[in-house]
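Here is the structure we will look at, set down as structure tokens.
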Amino acid sequence: MLEEAKNRTRALQQSMQAQGIECAVFTDESSMAYLAGFWGYLGIEFGRPSMVVVKAQDEPIVITPLMESEMVAEMTWVDDVRVWEDFGARTWGAALASALGENPSEVWVERNTIPAIVRNYLDDTYVGVPIKDISPVLGALRMIKSPFEIGVMKEAGQIAGAMMAAAHGSLRIGVAEYESALAVIKAGSRKAATFLTDKGWDRFVSPMIHNLQILQSGKDTSMVHRRASVKQYELADPVYFCFCNMAQFKQYKLGFDRMFHVGEVKDDAARVQEAAIEAQQAAIAAIKPGVLAQDVAAAANAVYEARGYETGYRTGRSIGVAYLEAPELKAGDMTVLRAGMTFAVDGGISIDGVTAGRIGDSVVVTETGFEYITNYPRELLVTDA
């Protein structure tokens, strides 16, 4: 992982040199993991920012709070780790100023994700200095995944598959939603542990599946992102599992969704779910190098229209170390698909207050088409009662 991160940083530096960019400050956790191989557990919500400063012609610098510094120094390949404290002269602002040097002519940041306190510091400290957006430069590199990255994402796919099998097996009349969530967490954590050791960089990667389970049943399936509750399943309930903030491993995030029906399925619910599956499969079938991102979405939208449904959702999104990367599979995105891109591709229909149809998978674009990263039956799924 660390050699991979080092190579990415060198590639970024080459891009910066080619575009005349001298220095960039990265504050997003996904970017820090991508470039420096570390992430913290006391993020900006605790008032403790971490940063990676990349210079085109010099070695990168990691800035981290004292409380995280020992772990970060062990996790990263970067030699220059600068530590700041909660009080006194050793502030994160002082560390950042020393990294930027005197009188920078411009500062490049991740405009859409930079924490407000960091942006405010830059605006107040470097009055009149242009603040520019480095995100498109790094985003262009992140768009195409290396064989190493695809390998990690496939491991995440196996973890997600174990989670979905546990979800399926938990569904019975009278079982509470949160019991399914617990089964998912246990199965995913145990599967993730099989890919890890307690040596080297691996020892900093927790196998624990966390984040609140997106799970709804019955009429609430139309709500899309309600969390698991104490509600108990009833006969013919549709049950929706979304693992989009849970199916991740070594910082690589996937999209993965399935809809189940408890004991039996009603005709109207079956029609909606079958339309969602058909739309998703039409979109995935359109994926290959040279196709426009918006044309993949158009394939799904044609199915919705033919089936008599409308949707305001995008069909998919690029995935990687962030939940959302570029491009997106939606109308207006003219990005040309290339081998090595990875996407979460969805089929989704909501009938408010009645039911829903949903399915989602992650795929990688290959030289001839696509390959699934996630796998579970793509059909109408009816459980035992």
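Summary of values
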{"quantity": "Enumeration of residues in region 315-343 that are surrounded by 21 or more Cβ atoms within 10 Å (Cβ to Cβ) and not in a strand (DSSP E or B)", "calculated": "T315, I319, G320, V321, A322, L337, M341"}
{"quantity": "Pairs where the first residue, in region 258-285, is under 13 Å from E234 (Cβ atoms) and the second is among the aromatic types (F, W, Y), C-beta under 6 Å, 6+ apart", "calculated": "V262/Y233"}
{"quantity": "Pair list, Cβ < 8 Å and 6+ apart or interchain, from region 365-385 residues that are in contact (Cβ under 8 Å) with a residue 12 or more places away in the chain and basic (K, R) to residues that are surrounded by 15 or more Cβ atoms within 10 Å (Cβ to Cβ) and assigned to a strand (DSSP E or B)", "calculated": "R378/I359; R378/D361"}
{"quantity": "Test for A33: is it under 22 Å from the mean Cα position of the chain (by Cα) and of a type in the set (A, V, I, L, M, F, W, C)", "calculated": "yes"}
{"quantity": "Region 33-44 - residue that is assigned to a helix (DSSP H, G or I) and of a type outside the set (G, A, S) and, of those, surrounded by the fewest Cβ atoms within 10 Å (Cβ to Cβ)", "calculated": "I44"}
{"quantity": "Residues satisfying the stated conditions in region 181-236, i.e. in contact with a His (Cβ under 7 Å, 6 or more places away or on another chain) and part of a loop (DSSP other than H, G, I, E, B)", "calculated": "A236"}
{"quantity": "Filtered residues of region 262-274 (kept if surrounded by fewer than 21 Cβ atoms within 10 Å (Cβ to Cβ) and either part of a strand (DSSP E or B) or among the small types (G, A, S) (or both))", "calculated": "G263, A270"}
{"quantity": "Failed item in (1) assigned to a helix (DSSP H, G or I); (2) of a type in the set (G, A, S); (3) without any contact (Cβ under 8 Å) to a residue 12 or more places away in the chain, with A302 passing the rest", "calculated": "(3)"}
{"quantity": "Members of region 1-56 that are of a type outside the set (D, E) and touching a Gly at 6+ places or on another chain (Cβ under 7 Å)", "calculated": "M1, L2, A5, S50"}
{"quantity": "Entirely in region 45-104, the strands (runs of 3 or more DSSP E) that have 2 or more residues that are free of Cβ contacts under 8 Å to residues at least 24 places away in the same chain", "calculated": "80-84"}
{"quantity": "Evaluation of V72 against (1) in contact with a Ser or Thr (Cβ under 7 Å, 6 or more places away or on another chain); (2) at pLDDT 95 or above; (3) under 25 Å from V205 (Cβ atoms) (one fails), failing number", "calculated": "(2)"}
{"quantity": "So E274, is it over 22 Å from S362 (Cα atoms), out of contact with any His (no Cβ under 6 Å at 6 or more places or on another chain) and of a type in the set (D, E, K, R)", "calculated": "no"}
{"quantity": "Some residue of region 13-32 being in a helix (DSSP H, G or I), modelled with pLDDT under 95 and not polar (S, T, N, Q)", "calculated": "yes"}
{"quantity": "First in region 140-157 and surrounded by fewer than 19 Cβ atoms within 10 Å (Cβ to Cβ), second anywhere and part of a helix (DSSP H, G or I), Cβ under 7 Å, 6 or more apart", "calculated": "L141/R8; L141/A11; L141/L12; L141/S15; S146/E4; F148/E4"}
{"quantity": "Residues of region 79-105 satisfying the condition of being in contact with a strand residue (DSSP E or B) (Cβ under 6 Å, 6 or more places away or on another chain) and surrounded by fewer than 16 Cβ atoms within 10 Å (Cβ to Cβ)", "calculated": "D80, R90, T91"}
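The rows are residues; the columns are (1) farther than 25 Å from V72 by Cα; (2) assigned by TED's automatic domain parsing to the domain that holds G40; (3) of a type in the set (A, V, I, L, M).
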{"site": "A156", "(1), (2), (3)": "no, no, yes"}
{"site": "G161", "(1), (2), (3)": "yes, no, no"}
{"site": "A167", "(1), (2), (3)": "yes, no, yes"}
{"site": "E177", "(1), (2), (3)": "yes, no, no"}
{"site": "S189", "(1), (2), (3)": "no, no, no"}
{"site": "D198", "(1), (2), (3)": "no, no, no"}
{"site": "H210", "(1), (2), (3)": "no, no, no"}
{"site": "I214", "(1), (2), (3)": "yes, no, yes"}
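For every residue, the table says whether it meets (1) modelled with pLDDT under 95; (2) charged (D, E, K, R); (3) surrounded by fewer than 21 Cβ atoms within 10 Å (Cβ to Cβ).
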position: M246; (1), (2), (3): yes, no, no
position: Q294; (1), (2), (3): no, no, yes
position: A297; (1), (2), (3): no, no, no
position: A306; (1), (2), (3): no, no, yes
position: Y313; (1), (2), (3): yes, no, yes
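The values are calculated or read from the model by the stated rules, or taken from the named source; none is laboratory data. Quick caveat, the model's predicted, so the values are computed rather than measured. In this analysis, Cβ positions are derived from the backbone assuming ideal geometry, glycine residues included, and neighbour counts consider all displayed protein chains.
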